[in-house]
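The structure appears below as structure tokens.
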Amino acid sequence: METKNLTCINCPMGCSITVKMDGGRIVSITGNTCKRGEDYAGKELTNPTRIVTTTVKVTGGQSNTVSVKTGKDIPKEKIFDCVRELKNVQVQAPVRIGDVVASDIAGTGVDVVATGNVERTGVDVAEAGNV
């Protein structure tokens, strides 16, 4: 039997979780103070995933970049493929929170969405609220 120790990242508690495994099968999970910790530990050891956050280039905007994130978590082994693809993504201003900037990133079936707004160059920010 193998023992794995994890620190839960699902909430600010940061519980120290101990998972006992028999081969690829989870036998027990202890140390978590909530159900989310148990779910996290099980998933982390059998199918780890992450939300990816970064920036992409913007043309014609009051900023040269906009912050983005994956719409949901993707397999951990696809993170570098995702970032590599996003390095080549360029969007045209204006950009709004929730705009899809890349679809099916790295073949995951997950979209990448803007998490910030970027106005067009020459558009007054106060005026943009009325557009």
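Report whether or not THR59 is within 30 Å of VAL118 (Cα to Cα), modelled with pLDDT of 95 or more, within 21 Å of the chain's Cα centre (by Cα) and not aliphatic (A, V, I, L, M).
No; evaluated as a whole, the condition is false for this residue.
For the subset of segment 105-131 comprising residues that are farther than 11 Å from THR70 by Cβ and among the acidic types (Asp, Glu), which member is modelled with the lowest pLDDT?
Looking at residues that are farther than 11 Å from THR70 by Cβ and among the acidic types (Asp, Glu), I get GLU127.
Is there any pair linking a residue in segment 39-51 that is more than 23 Å from ASP111 (Cα to Cα) to one that is modelled with pLDDT under 90, with Cβ under 9 Å and at least six apart or on different chains, and which?
Between residues of segment 39-51 that are more than 23 Å from ASP111 (Cα to Cα) and residues that are modelled with pLDDT under 90, the close pairs are ASP39/ASN10; LEU45/GLY24; THR46/GLY24.
Scan GLU119, GLU44, GLU77 and give me the residue that is exposed (fewer than 15 other Cβ atoms within 10 Å of the Cβ) and among the charged types (D, E, K, R).
Numbers: GLU119 fails: exposed (fewer than 15 other Cβ atoms within 10 Å of the Cβ); GLU44 fails: exposed (fewer than 15 other Cβ atoms within 10 Å of the Cβ).
None of the others qualify; the one that does is GLU77.
Taking strands (runs of 3 or more DSSP E) that do not extend beyond segment 12-131, which have at least 1 residues that are under 30 Å from MET1 (Cα atoms)?
Fully inside segment 12-131 and qualifying: 16-22, 25-30.
Return the only residue of SER63, SER28 being of a type outside the set (A, V, I, L, M) and without any contact (Cβ under 8 Å) to a residue 12 or more places away in the chain. Let's see the steps before the verdict.
Working: SER63 fails: without any contact (Cβ under 8 Å) to a residue 12 or more places away in the chain.
Exactly one of SER63, SER28 is of a type outside the set (A, V, I, L, M) and without any contact (Cβ under 8 Å) to a residue 12 or more places away in the chain, namely SER28.
Identify, please: which residue in segment 78-99 is within 14 Å of the chain's Cα centre (by Cα) and free of Cβ contacts under 8 Å to residues at least 24 places away in the same chain and is, among those, farthest from VAL118 (Cα to Cα)?
Of everything passing the filter in segment 78-99, PHE80 is farthest from VAL118 (Cα to Cα).
Name the one entry in VAL100, VAL91, VAL95, VAL52 that is at negative phi, out of contact with any Lys or Arg (no Cβ under 8 Å at 6 or more places or on another chain), hydrophobic (A, V, I, L, M, F, W, C) and buried (at least 16 other Cβ atoms within 10 Å of the Cβ).
VAL95
The values are calculated or read from the model by the stated rules, or taken from the named source; none is laboratory data. Quick caveat: nothing in here was measured; it's all calculated off a predicted structure. FYI the Cβ positions are ideal-geometry reconstructions off the backbone, even for glycines, and counts take in every protein chain you see.
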